[in-house]
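So the structure is just underneath, and the comments pick up after that.
The values are calculated or read from the model by the stated rules, or taken from the named source; none is laboratory data. As the structure is a computational prediction, the values presented were derived from the model and not from experiment. Cβ sites come from the backbone with ideal geometry, for glycine too, and all protein chains shown count toward neighbours.
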Amino acid sequence: MNPRWQKSSYCSEGASCLHVATATETIHLTESSDPTRAILTATPTAFGALLLVLKKETARA
């Protein structure tokens, strides 16, 4: 796997950030402090469900 990583637009300079890469039917997530390890892989459906939950939790806060 040699994904093309994209940094989150919500990341400030110097902060630990979420990086996302996509492949056919797969989404990969990793944290910027170590982008070659600890990669989470999800289907687009599962990733969409995660985003919905996170948005709901953010709205409650």
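Sub-8 Å Cβ pairs linking a first residue in the stretch 41-61 that is more than 19 Å from THR24 (Cβ to Cβ) to a second residue that is surrounded by 10 or more Cβ atoms within 10 Å (Cβ to Cβ), at least 6 apart or interchain, are LEU50/ALA42, ordered by first then second residue. Here ILE27 clears all of (1) modelled with pLDDT of 90 or more; (2) in a loop (DSSP other than H, G, I, E, B) except the condition numbered (2). Within the stretch 5-24, residues that are closer than 16 Å to LEU50 by Cβ sit with their Cβ atoms under 9 Å from residues that are modelled with pLDDT under 85 and exposed (fewer than 12 other Cβ atoms within 10 Å of the Cβ), at 6+ positions apart or across chains, in these pairs: LEU18/TYR10; ALA21/MET1; ALA21/ARG4; THR22/ARG4.
Restricting attention to the stretch 36-59 and to residues that are at pLDDT below 90, β-branched (Val, Ile, Thr) and under 17 Å from CYS17 (Cα atoms), the residue that is surrounded by the most Cβ atoms within 10 Å (Cβ to Cβ) turns out to be ILE39.
Looking at the stretch 21-35, which of its residues are surrounded by 12 or more Cβ atoms within 10 Å (Cβ to Cβ) and among the β-branched types (Val, Ile, Thr)? Step through it out loud before you land on a result.
Step one: list which residues in the stretch 21-35 are surrounded by 12 or more Cβ atoms within 10 Å (Cβ to Cβ), which gives 21-23, 26-32, 35.
Result: THR22, THR26, ILE27, THR30.
Only a single item in (1) outside any helix (DSSP H, G or I); (2) of a type outside the set (D, E, K, R); (3) at pLDDT 80 or above is not met by ALA15, and it is number (3).
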